[in-house]
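Q: Sharing a structure here in structure tokens format.
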Amino acid sequence: MRTRVAARWAMGCAAIAVTIVPAMASAQTTVNLPAVTHGTVRAGSYASQKQGDLLATRASDSGDYLRRAILKFDTQTQVPAGASVTSALLTVTVKTVETGASRHVAAYQITQSYGDNDFTWNERYVSLGTKWSTAGGDLGSKLDTQLVSNTVGSKVTFNVTPLVKQAVSGALGSSRYTRVELVDLDGSTSDSYREFATPTDSNTAARPVLKVTYGSSSSTTTTTTTTSSSSSSGTTLRVMQYNTHHGGYGTDGVWNVHRLIASALKGSPDVISFNEVEYKDSYSNNQDDLALYLAELKSQTGKTWYGKFVVGSGASTGIGNAIVSHFPLDTSGHLQLADGRAILNVTITVNGRTINVFSTHLDDASSSNRLTEVGEIETWSNGIAQQRIICGDFNAQSTDSVSAKMKTSYYDAWAEAQSDGTATSFPGNTGQTRSSRIDYIYYSHSAGDLVLKSAQVLDTRDANGVQPSDHRPVIAVFTVK
């Protein structure tokens, strides 16, 4: 709480003196980055099929057996732009093997971007029909080659420092992410199969990790002296959490995307986390809810909106989470949770600051499952840059163990606003987003650039008392300094 209050005080301060002093020699910083996207591409008759939660390599003269593993790491937001990278080591853990001799596996740069959980041997963006220039992945320089044994549990480390240096410096273009493909270089044999632990492995120590060591490249340090003043600065960011009830089925049982979006826009949001968004299933009349939302948002606001969607189960169709924003999306990623749910992440830039926004929808039947999911969410999100805002339908009361666990790392925006006297709703409502308060907007404890101003639960009823969803949207208003 002290950090949050201190940040509020800082907003009311005005700089009166700036001193430029020579920088001291900066200490080295080391970060261990989880993979934000992973997968396997398989040739032959599988060349147009996604391989799911798998990291595998195999050498084969038959395309049906040929496999390569793909990994992406967030060196864009987790390592400062222009930092002097001294070491970058990618470590993977052998999970499944065939008997046989050790294999020479190389780590290559991937030169083109690809979709999260949206690539195959043939295509780098399946949803867009965008093909690789060369089937199997567009490979750049070979970074390192290591001997991979047939010992389950053994770790293999690739030196990918040259690639990470280029990525962080901006030499690879606008994206500073690190993309790597693992390729078996030896001859075809049925014993060449190697499977590696994925970022969702139950053994967290076995998951892929990119260990980056760097030092600051800046030559000066700016020290700002402040004194109390009534002035403030910053950009307002309005974040909304809204469960749509299967894409927009109102309390009258009618599916109406137009009125759903109109109700959301009553809160003038900049970013919206939507739950129960449907993709090409019976609820959406075989349509793409996110595409409908984006079209409605543009029609009703006159602005271009950007969006990302993930199916909760990892399937190709069905129910999931979406985030829409009128700020362009810098990056995106997602994590499939243990109980068949998912969490989606997008990165936006507001007032020159990186903001990572998440959307999730936890299990509705088991508090034990919800606790497991929250543990996975905290582990994953803590590896992603500040500031972080986690939105979702948590299917949990504010007093239970799920909420308590979330609050070990995050503030509950509504509860904080209530404490400050800045939480508002409508007559008869004290924060309930459904029959109780189960929809949340959490924000990270580190105050810094993100300061809560207020929170509100919106009244979306029409003249007949009908709501566009069985949930009400909640909105948190922040200042981004």
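Q: Taking the Cα atoms of the chain, what is the range of coordinates along each of the three principal axes, in descending order and whole Å?
A: Largest to smallest, the principal-axis extents are 72, 64, 42 Å.
Q: Could you please rank 327, 426, 478, placing first whichever residue has the fewest other Cβ atoms within 10 Å of its Cβ?
A: On the way: 327 17, 426 13, 478 26.
Ranked by crowding around the Cβ, least crowded first: 426, 327, 478.
Q: Relative to the compact globular guide of 2.2 N^0.38 Å, what is the alpha carbon radius of gyration of region 91-170, as a ratio?
A: That ratio works out to 1.30.
Q: If the cut-off is a Cα-Cα distance under 24 Å, which lysines reach residue 298, setting aside same-chain residues fewer than 8 apart in sequence?
A: 266, 280, 308
Q: Okay, moving on. Between residue 426 and residue 169, how high is the FRET efficiency from 1/(1 + (r/R0)^6) when r is the Cβ-Cβ distance and R₀ = 56 Å? Nearest 0.05.
A: On the way: r = 52 Å, r/R0 = 0.93.
The pair residue 426/residue 169 has a calculated efficiency of 0.60.
Q: Would you kindly compute the Cα radius of gyration of region 235-480 and its largest Cα-Cα separation (Dmax), both in Å?
A: Looking at region 235-480, its Cα Rg and Dmax stand at 16.4, 47 Å.
Q: Just how far, in whole angstrom, is region 41-106 from region 413-481 if you go by their alpha carbon centroids?
A: Region 413-481 and region 41-106 have Cα centres spaced 42 Å from each other.
Q: To the nearest 20 debye, what is the magnitude of the charge dipole of the chain about its Cα centre, counting +1 on the Cβ of each Lys and Arg and -1 on the Cβ of each Asp and Glu? Could the numbers behind the result be given before it?
A: Values: 40 positive and 41 negative charges, 260 e Å.
The dipole magnitude comes to about 1240 debye.
Q: Please report the projected area of region 29-215's Cα convex hull averaged over all directions, in nm². Intermediate results must be reported in sequence, preceding the final value.
A: Values: hull surface 39.3 nm².
Projected area, direction-averaged: 9.8 nm².
Q: Same structure, new question: Using a 10 Å cut-off around each Cβ, can you sort 259, 388 from fewest to most neighbouring Cβ atoms? Don't jump to the answer; show the numbers that get you there.
A: On the way: 259 19, 388 22.
Ranked by crowding around the Cβ, least crowded first: 259, 388.
Q: I would also like to ask the following. Residues of region 453-477 with the amide nitrogen closer than 12 Å to a label point 7 Å from the Cα of residue 256, along Cα-to-Cβ, please.
A: Inside the label zone: 461-469.
Q: Under 12 Å Cα to Cα from residue 72, which aspartates and glutamates show up? Leave out anything in the same chain fewer than 8 places away.
A: 116, 181
Q: I've got another one for you. Using only Cα atoms and rounding to the nearest 10 degrees, what angle (0 to 90) does helix 289-301 make with the longest principal axis of the chain?
A: Helix 289-301 sits roughly 40 degrees off the main axis of the chain.
Q: With the dipole of region 235-480 worked out from charges on the C-beta (+1 for Lys and Arg, -1 for Asp and Glu) around the Cα centre, which of 305, 236, 392 lies farthest toward the positive end?
A: Of the candidates, 236 comes out farthest on the positive side.
Q: Please compute the modelled spin-label separation between residue 185 and residue 304, points set 7 Å along Cα→Cβ, answer in nm with one decimal.
A: A separation of 4.3 nm, rounded to one decimal place.
Read-outs: derived from the displayed coordinates by stated rules, not from any lab. Since we're looking at a predicted model, the values are computed, not measured. Counting neighbours? That spans all protein chains shown, and the Cβs are built from the backbone with ideal geometry, glycine included.
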